[in-house]
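J.: For reference, the structure I am asking about is given below.
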Amino acid sequence: NKKAPQSPLPPPQTNWGSNIEVSVQGFVNNMDEYMRASDILITKAGPGTIAEASICGLPCILSSFLPGQEEGNVPYVEENGFGTYRGSVEGMAETVQEWLASPSMLEQMRENALVAARPDATLDIARDLADMVYVRREELKRGGGTSQKIVQPKTKSIAYGMGPF
């Protein structure tokens, strides 16, 4: 991505209050560092962002989603107890205030995010695919034609998916 960073917000939009620290950035290459330094993430329901947030133990407020493609991510986050959907700026602001006022609730949401996380999902999927390719190769060596055998994945990543992502 060769895009230049976005310009800073004009002053009226940056008055967050004396005890609130907000950093608005353009495109960054170190999003994981920002996530690990944050208490709450406000984001659209993109699968990569949700996956990374859960790995970081970061509660999420989902602001929007693409119908069909990302829609199922909203109940995934809510049912796993590490976030909620708020489609309005007012709703997001109220939720941030509520969560920050309850450190024990925020901590439970962090724990829920970590439970929902699948940090090894990519490796699990690669292993399952390699196993499937190996079985097929062995069938072909023995002169087998079209495989009638269904190879069951060893991990939940393919059998059940990482979530609705």
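The values are calculated or read from the model by the stated rules, or taken from the named source; none is laboratory data. Nothing here was measured: the structure is a model prediction, and the numbers come from that model. Glycine also receives a Cβ, built like all others from the backbone with ideal geometry; neighbour counts cover every protein chain displayed. The area values use the complete protein model at the heavy-atom level, side chains included, leaving out ligands, DNA and RNA. Shrake-Rupley method; radii C 1.70, N 1.55, O 1.52, S 1.80 Å.
J.: Please name all residue pairs, on different chains or six or more residues apart, with Cβ atoms under 8 Å, provided the first residue is in the stretch 7-35 and is in a loop (DSSP other than H, G, I, E, B) and the second residue is modelled with pLDDT of 85 or more.
T.: Taking only residues 6 or more apart or on different chains, the pairs are S23/Y34; Q25/Y34; V28/Y34.
J.: Answer with yes or no whether T49 is surrounded by 13 or more Cβ atoms within 10 Å (Cβ to Cβ), at pLDDT 90 or above and assigned to a helix (DSSP H, G or I).
T.: Spelling it out, T49 is indeed surrounded by 13 or more Cβ atoms within 10 Å (Cβ to Cβ), at pLDDT 90 or above and assigned to a helix (DSSP H, G or I).
J.: Any idea which of C56, C60 is under 18 Å from T95 (Cα atoms) and open to solvent by less than 50 Å² (accessible area, probe 1.4 Å)?
T.: C60
J.: Suppose we keep only residues that are modelled with pLDDT of 85 or more and either of a type in the set (V, I, T) or touching an Asp or Glu at 6+ places or on another chain (Cβ under 7 Å) (or both) within the stretch 131-156. Which one would you say is nearest to R118 (Cα to Cα)?
T.: V133
J.: Something else about it: Answer yes or no: is there a residue in the stretch 69-90 that is farther than 28 Å from D120 by Cα, in contact (Cβ under 8 Å) with a residue 40 or more places away in the chain and not in a loop (DSSP other than H, G, I, E, B).
T.: no
J.: Run R86 past the list (1) at pLDDT 95 or above; (2) closer than 19 Å to R36 by Cα and report the number of the one that doesn't hold.
T.: (2) is the only condition that R86 fails.
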